[in-house]
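Written below as structure tokens is the structure these notes are about.
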């Protein structure tokens, strides 16, 4: 049936795309192997670092668009976005006042991705895009946005 045709590929596609999103870790890891760790803060705050992250995101989104169509693309793009876990790790291990926000990014992205993956493994017949729980309620969205705004305002006003 149509559900079983999407479940197994959806699980595999989601894992591949999540790992692809995590690959943002490659640039700082390679750089760290050939240098020192203090450059990470500069990488995150200066234009070349921001441009590298944007280019990385655009290239991999284009790659996903070439590899997958329809529902599988929708799964892949969400899972790859949740690979922001890698950006959270970069921020968490940098010498920045934003380290707590990095850990928050890690926990939030891990929660949403693991919801999808566990559903795919344990209850594959109920698997859908909603299994990522990214859009589960207006209240949740408002709470998440409020926490981001609160953290940013606090970091900008209370050093």
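Selection of region 127-159 for residues being part of a loop (DSSP other than H, G, I, E, B) and surrounded by 12 or more Cβ atoms within 10 Å (Cβ to Cβ) yields 127, 128, 133, 134, 136.
Results for (1) more than 28 Å from residue 126 (Cβ to Cβ); (2) modelled with pLDDT of 80 or more, shown as yes or no for each residue.
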position: 8; (1), (2): no, no
position: 25; (1), (2): yes, yes
position: 39; (1), (2): yes, no
position: 56; (1), (2): yes, yes
position: 62; (1), (2): yes, yes
position: 72; (1), (2): no, yes
position: 92; (1), (2): yes, yes
position: 108; (1), (2): no, yes
position: 113; (1), (2): no, yes
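Among the criteria (1) surrounded by fewer than 17 Cβ atoms within 10 Å (Cβ to Cβ); (2) in contact (Cβ under 8 Å) with a residue 24 or more places away in the chain; (3) within 21 Å of residue 26 (Cβ to Cβ), the one residue 124 does not fulfil is (3).
Within region 104-118, the residues that satisfy the criterion of being within 14 Å of residue 83 (Cβ to Cβ) and in contact with a helix residue (DSSP H, G or I) (Cβ under 8 Å, 6 or more places away or on another chain) are 105, 106, 108, 109, 110, 112, 113, 116, 117.
The values are calculated or read from the model by the stated rules, or taken from the named source; none is laboratory data. Computed from a predicted structure; not experimentally measured. Positions of Cβ are backbone-derived with ideal geometry, glycine not excepted, and every protein chain shown enters the neighbour counts.
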